[in-house]
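The values are calculated or read from the model by the stated rules, or taken from the named source; none is laboratory data. Predicted, not measured: the structure shown is a model, and the values here were computed from it. Because the Cβ atoms are built from the backbone with ideal geometry, glycine has one as well, and the counts that use them run over all protein chains shown. Accessible surface areas use protein heavy atoms only, side chains included; no ligands, DNA or RNA. Shrake-Rupley method; radii C 1.70, N 1.55, O 1.52, S 1.80 Å.
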Amino acid sequence: MPIETTAQTTEPTLDSPAAGRAPDAGDARRPVNGPARRHRPPRPGRLSRRDKLVLFVLCAAQFMVALDFSVLNVALPVLGGDLGMSRSALQWAVTAFALPSGGFLLLFGRVGDLYGRRRLFLTGLALFGAASLLATFAWDPASFLAGRALQGLGAAAIVPTGMSLLTTTFPEGPARDRALGVSGTVLSLGFTVGMVAGGVLTDVLGWRSTMGLLSVFALVVLPLAPALLPESRTPERPRLDVPGAVTVTGGLLALIYALSTAAENGFGGADVIVTLVVGVLLLGAFVRIESRTAAPLVSLPMLRRRTVAWGNLGGLVTFSMMSTVVFALTLYLQETLGLSAFETGLVFGAQGVMSAVAGMYAPKVIGRFGARRTLVGSLAGQGLFVAALLPVGAQGWSVWLATAAVSLASMCHLGAIISYGLTVTSGVPDEEQGLATGLVTSTQQVGLTVGIPLLGVLATTSDDLLSGVHTVLTLDAVIVLAAAVLVAAGLGRPATERTRPARRRADS
């Protein structure tokens, strides 16, 4: 492979041809009163040093939020004993974070569009770091849950503005593909690393260290962000859609609360039924409001785009169903096969390594086949490898099958994450990137929240855990495969495919 060089501007000096002396034969290789010599163009998707630093800051923040989803799970029993929380109350350690992080995403995505994405991103980082310190030094259940809720509020500001800053900083094409590939890999690794680190930190330093780790991340990222991240907002500043903000935020909060509560108490409780109905009514009112307001929080024409609607469906399914697989396998590996929390973390550590490999190659696959085809193929692969988990039983060899199948499913899952984000945001103007990425990240957060209550409860309520896990895996595989078919039909065949990198290189 030829070595790439970088064009440099040559300033005229007294000894140069530009200073007036006649050029000799040796000057044939020097620029003469004109532009520098032609060089091979930079490789598509190549990132500058500053681009890499910007990407590091944005990915570190995303990694911190992803870590928060899983790092506390293993520590919950120890935490409950230390703070005096009952087993039924422990679910609120997760729900207190999920409610604001999922409920305020769309609102904060739009606020960032109007008043500055960088400003809101930095505010979210500061709030997340302070909330993590509060959770670290919590003295009772109320102070701990308050810290978790404020973490969720900070995450709701970080995630959509961070994604918007990424898509507006890196232009559509190979550079954005590569940036989203790195971001998707980091997101997946954050969830997996959290499961491993949670067990190790709890055993060695106690449960408070899991929250302390998050505050360290915030303290590292926050000083770097102001100097590196550019400010970004829409050119105009229309009025904020307050009725739409109230109804969508209330609807998402009610829906997430109902599904999170159902995971513990079932779907028959009056509070679950009431909040489900309220959530559906508020979301219905939100759609009606958005169709009539002059400056909507969510553009309904955007939702009518095939790429936005069907791309988000693919994202919702891949996130919700993969979180369910991880939850079901965690129970299976520890209670059926008798693995320790640390050994279970190692299984998911292998999953994380394979996800990292997928993140390296996913942009190349997308460049070769396009985001839409990659999304459909990744969903199909995820469903097939989840189906490959069905033979697992109480035998020792099952741990190897589980490790291999979940790792391969996770590779496809990561491909779906990256390609659905590209599918939804491609072709969207910069001034609407906050809306598009708000939908992307809302899909992500809602998917992570609803998957376990919808299917995972089947494993926890079954008299025979292994039978319950098999039921969960079967339904999971069927849903993902059905989604692959629906997304393929909904997206259709794109009118134009992005020029392949190989062809670009040949043409240049």
Inset, instruction - Write out, first by first residue and then by second, each pair whose Cβ atoms fall under 8 Å of each other, whose residues are 6+ apart or on separate chains, and whose first residue, in the stretch 109-127, is buried (at least 18 other Cβ atoms within 10 Å of the Cβ) and in a helix (DSSP H, G or I) while the second is modelled with pLDDT of 80 or more and among the basic types (Lys, Arg). - result: Gly112/Arg119
Inset, instruction - Hey, can you tell me all the residues within the stretch 348-363 that are open to solvent by 40 Å² or more (accessible area, probe 1.4 Å) and touching a residue at least 60 places away in the same chain (Cβ under 8 Å)? - result: Met360
Inset, instruction - Restrict the check to the stretch 305-313 and report whether at least one residue is within 30 Å of Gln395 (Cα to Cα), touching a Leu at 6+ places or on another chain (Cβ under 7 Å) and touching a residue at least 60 places away in the same chain (Cβ under 8 Å). - result: no
Inset, instruction - Please find, within the stretch 191-219, the residue that is nearest to Gln351 (Cα to Cα) out of those that are of a type in the set (Gly, Ala, Ser) and at pLDDT 75 or above. - result: Gly194
Legend entry - Number of the exception - Leu389 against (1) free of Cβ contacts under 8 Å to residues at least 12 places away in the same chain; (2) in a loop (DSSP other than H, G, I, E, B); (3) closer than 20 Å to Val480 by Cα: (1)
Legend entry - Every pair of residues 6+ apart whose Cβ atoms lie under 7 Å, when the first sits in the stretch 204-231 and is under 17 Å from Phe128 (Cβ atoms) while the second is among the polar types (S, T, N, Q) and at pLDDT below 80: Thr210/Thr202
Legend entry - Leading residue by the ranking (most open to solvent (accessible area, probe 1.4 Å)) among those in the stretch 336-347 that are modelled with pLDDT under 75 and not hydroxyl-bearing (Ser, Thr, Tyr): Phe342
Legend entry - Count - residues of the stretch 128-139 that are over 29 Å from Met163 (Cβ atoms) and open to solvent by 50 Å² or more (accessible area, probe 1.4 Å): 2
Inset, instruction - Please verify whether the stretch 493-505 includes one or more residues that are at pLDDT 65 or above, more than 23 Å from Val186 (Cβ to Cβ) and either open to solvent by 60 Å² or more (accessible area, probe 1.4 Å) or acidic (Asp, Glu) (or both). - result: yes
Legend entry - Selection status of Ala254, within 20 Å of Val446 (Cβ to Cβ) and modelled with pLDDT of 75 or more: yes
Inset, instruction - Select from the stretch 150-172 the residues that are assigned to a helix (DSSP H, G or I), surrounded by fewer than 24 Cβ atoms within 10 Å (Cβ to Cβ) and either among the charged types (D, E, K, R) or at pLDDT 90 or above (or both) and list them in ascending order. - result: Leu150
Legend entry - Selection from the stretch 383-416 of residues that are over 24 Å from the mean Cα position of the chain (by Cα) and hydroxyl-bearing (Ser, Thr, Tyr): Ser398
Inset, instruction - Kindly provide the set of residues from the stretch 63-73 that are open to solvent by 10 Å² or more (accessible area, probe 1.4 Å) and at pLDDT below 80, ordered by number. - result: Phe69, Asn73
Legend entry - Leu228 being modelled with pLDDT of 70 or more, over 20 Å from Ala93 (Cβ atoms) and surrounded by 15 or more Cβ atoms within 10 Å (Cβ to Cβ): yes
Legend entry - Qualifying residues in the stretch 74-84 (those that are more than 18 Å from Phe327 (Cβ to Cβ) and crowded, with 19+ Cβ neighbours inside 10 Å) - the one modelled with the highest pLDDT: Leu83
Legend entry - Hey, Ala394 hydrophobic (A, V, I, L, M, F, W, C), open to solvent by 10 Å² or more (accessible area, probe 1.4 Å) and in a helix (DSSP H, G or I) or not: no
